[in-house]
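**Student:** Once you've had a glance at the structure underneath, I'll fire off some questions.
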Amino acid sequence: MSERCKQRVLGGGMRPRQCSRNATRDGWCAQHHPDAEKARREQTSQRAAAHHDAIRIKMEAERKRSLRAMHHTDLVHLLGRILNSSYDVPQHEIRTAYERGRELLP
Ligand SMILES: [Zn+2]
């Protein structure tokens, strides 16, 4: 008769019961061995970190896209003002249009 895994697990009942699998190493089954649990925790935290990175990258891309859209609107508006007036557009507005245009360059 082989040894049972020594891990206590929560089943459907009120109290924890002993794991029903056979012990395969150091008195634990393959799933409950501390090395396996540590590896699972590491994998979980790596996945969480990768997920967090993906969200951060996506948010950064969205922020840049919305900034570009805003600058594009400003640029078109300012160029419209410059086109529709002869010489009365203040220099700083022309400079802003120029800078917005530059920011939109890849
Ligand atoms: Zn077990």
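The values are calculated or read from the model by the stated rules, or taken from the named source; none is laboratory data. Note that the structure is predicted; figures quoted are calculated from it, not measured. Neighbour counts run over all protein chains shown; Cβ positions are idealised from the backbone, glycine included.
**Student:** Report yes if residue 67 is more than 16 Å from the ligand (Cβ to nearest atom), of a type in the set (A, V, I, L, M) and touching a Lys or Arg at 6+ places or on another chain (Cβ under 8 Å), otherwise no. Lay out the reasoning, then the answer.
**Tutor:** Details: more than 16 Å from the ligand (Cβ to nearest atom): yes; of a type in the set (A, V, I, L, M): yes; touching a Lys or Arg at 6+ places or on another chain (Cβ under 8 Å): no.
No, not satisfied.
Residue-by-condition table, conditions (1) exposed (fewer than 10 other Cβ atoms within 10 Å of the Cβ); (2) not β-branched (Val, Ile, Thr):
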{"site": "15", "(1), (2)": "yes, yes"}
{"site": "21", "(1), (2)": "no, yes"}
{"site": "29", "(1), (2)": "no, yes"}
{"site": "53", "(1), (2)": "no, yes"}
{"site": "64", "(1), (2)": "no, yes"}
{"site": "76", "(1), (2)": "no, no"}
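**Student:** How about the stretch 95-106: which of its residues are out of contact with any helix residue (DSSP H, G or I) (no Cβ under 8 Å at 6 or more places or on another chain) and part of a helix (DSSP H, G or I)? Reasoning before the result, please.
**Tutor:** Initially, the stretch 95-106 is screened for residues out of contact with any helix residue (DSSP H, G or I) (no Cβ under 8 Å at 6 or more places or on another chain), giving 95, 98-99, 102, 105-106.
Residues satisfying the conditions are 95, 98, 99, 102.
**Student:** Exactly one of these conditions fails for residue 44: (1) within 16 Å of the ligand (Cβ to nearest atom); (2) out of contact with any Ser or Thr (no Cβ under 9 Å at 6 or more places or on another chain); (3) at pLDDT 95 or above. Give me its number.
**Tutor:** Exception for residue 44: condition (1).
**Student:** For residue 30, indicate whether it is of a type in the set (A, V, I, L, M, F, W, C), outside any helix (DSSP H, G or I) and within 16 Å of the ligand (Cβ to nearest atom).
**Tutor:** Details: of a type in the set (A, V, I, L, M, F, W, C): yes; outside any helix (DSSP H, G or I): yes; within 16 Å of the ligand (Cβ to nearest atom): yes.
Answer is yes for this residue.
**Student:** Report every pair of residues separated by at least 6 positions or lying on different chains whose Cβ atoms are under 8 Å apart, first residue within the stretch 32-58 and more than 30 Å from residue 5 (Cβ to Cβ), second away from the ligand (no atom under 16 Å from the Cβ) and part of a helix (DSSP H, G or I).
**Tutor:** Matching pairs, first to second residue: none at all.
**Student:** To continue, here is another question. Could you check the stretch 35-94 and list, in sequence order, the residues that are among the polar types (S, T, N, Q) and assigned to a helix (DSSP H, G or I)? Step through it out loud before you land on a result.
**Tutor:** Of the stretch 35-94, the ones among the polar types (S, T, N, Q) are 43-46, 66, 73, 84-86, 91.
Those that are among the polar types (S, T, N, Q) and assigned to a helix (DSSP H, G or I): 43, 44, 45, 46, 66, 73, 84, 91.
**Student:** Could you list all residues from the stretch 5-27 that are among the charged types (D, E, K, R), in a loop (DSSP other than H, G, I, E, B) and either within 11 Å of the ligand (Cβ to nearest atom) or in contact (Cβ under 8 Å) with a residue 12 or more places away in the chain (or both)? Spell out the reasoning first.
**Tutor:** As a first pass, look at the stretch 5-27 and keep what is among the charged types (D, E, K, R): 6, 8, 15, 17, 21, 25-26.
In the following step, the residues that additionally are in a loop (DSSP other than H, G, I, E, B) were identified as 6, 15, 21, 26.
The answer is 6, 21.
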